[in-house]
Amino acid sequence: MEPTLKILAVGVVVLLLVGTYGAVMYNQWVKLRTRWQNAFGQIDVQLKRRHELIPNLVEVAKGYMAHEKDTLERVIAARSQAVAAGDQARANPGEPACMHSLKEADGSLVFALGRLFAVAEAYPDLKANQNMLSLQEELTTTENRLAFARQAYNDAVMVYNIKIQSFPDLILARPLGFKPAALYQIEAEEERQIPKVAFGN
């Protein structure tokens, strides 16, 4: 075999190996990106469920808390803000600005709900209302599911980010459109508090 053919054969083999390795890396990135996007979808489902419960909660409370109109309006406004932020994040999951807006809106909603439940403590008839108790139980379940969904999302994002930012993957990941995704981190202390949804007797 001529030296030129040997060099050409080695070159072809090297190109095939590099191409195969590149395809394997690309498929791994797609799989990892799909996992964190799916995990975000689970957060979105729980946020929607929470957002659907809140109007019912406010309606039940409204009948008992006529003098707390400001508190109820804050909950509705925070819900509207959270729904808008959720829509934006759903359109661009993992984008740092969208995730930040979602976290801020979610924190405001949690704070407003906490305030609603604190004020509701002063209304014994409301605390005993079966609809209110049922909504509280559903909201508690939703908050727990939301916490698990956030954890799953952050775990999936961490694995994805490590993969695309590690050598040799980082050489091709960015040029091929794979950029780091933002974690769903709770920054403010009041956001770390899950709204208390059970009334004491």
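The values are calculated or read from the model by the stated rules, or taken from the named source; none is laboratory data. Predicted model only: the values in this text are computed from it and were never measured. When we count neighbours, we look across all protein chains shown, and the Cβ atoms used for this are built from the backbone with ideal geometry, even at glycine. Areas reflect the complete protein model, heavy atoms only, side chains present, ligands, DNA and RNA absent. Shrake-Rupley method; radii C 1.70, N 1.55, O 1.52, S 1.80 Å.
Taking the numbered list (1) more than 22 Å from the chain's Cα centre (by Cα); (2) of a type in the set (Lys, Arg); (3) exposed (fewer than 14 other Cβ atoms within 10 Å of the Cβ) in turn, Arg74 passes all entries but (3). Scanning segment 89-125 for residues that are of a type in the set (Val, Ile, Thr) and over 14 Å from Glu68 (Cα atoms) gives a single hit, Val110. Would you check if Gln136 is at pLDDT below 95, open to solvent by 70 Å² or more (accessible area, probe 1.4 Å) and closer than 30 Å to Thr71 by Cβ? Criteria not met by Gln136. When Glu68, Glu52, Glu73 are checked against the criterion of being modelled with pLDDT under 90, part of a helix (DSSP H, G or I) and closer than 30 Å to Ala147 by Cα, Glu68 stands alone in meeting it. The condition of being under 18 Å from Arg50 (Cα atoms), of a type in the set (D, E, K, R) and open to solvent by 60 Å² or more (accessible area, probe 1.4 Å) holds for only one of Arg150, Arg115, Arg174, that being Arg115.
Pairing each residue of segment 1-29 that is closer than 26 Å to Gln165 by Cβ with any residue that is β-branched (Val, Ile, Thr), provided the two are 6+ apart or on different chains, yields C-beta distances under 8 Å for Trp29/Ile164.
Only one entry of Tyr184, Tyr160 meets the criterion of being open to solvent by less than 20 Å² (accessible area, probe 1.4 Å), at pLDDT 90 or above and part of a helix (DSSP H, G or I), and that entry is Tyr160. Only one entry in Val83, Val30, Val12 is in contact with a His (Cβ under 8 Å, 6 or more places away or on another chain), open to solvent by 30 Å² or more (accessible area, probe 1.4 Å) and at pLDDT 90 or above, namely Val83. Apart from one condition, Glu143 fits all of (1) surrounded by 15 or more Cβ atoms within 10 Å (Cβ to Cβ); (2) modelled with pLDDT of 95 or more; the exception is (2).
Taken over segment 90-104, the criterion of being buried (at least 16 other Cβ atoms within 10 Å of the Cβ) and either modelled with pLDDT of 95 or more or outside any helix (DSSP H, G or I) (or both) is satisfied by Pro93, Gly94, Glu95.
In segment 55-65, of all residues being assigned to a helix (DSSP H, G or I) and among the hydrophobic types (A, V, I, L, M, F, W, C), the one that is most open to solvent (accessible area, probe 1.4 Å) corresponds to Val60.
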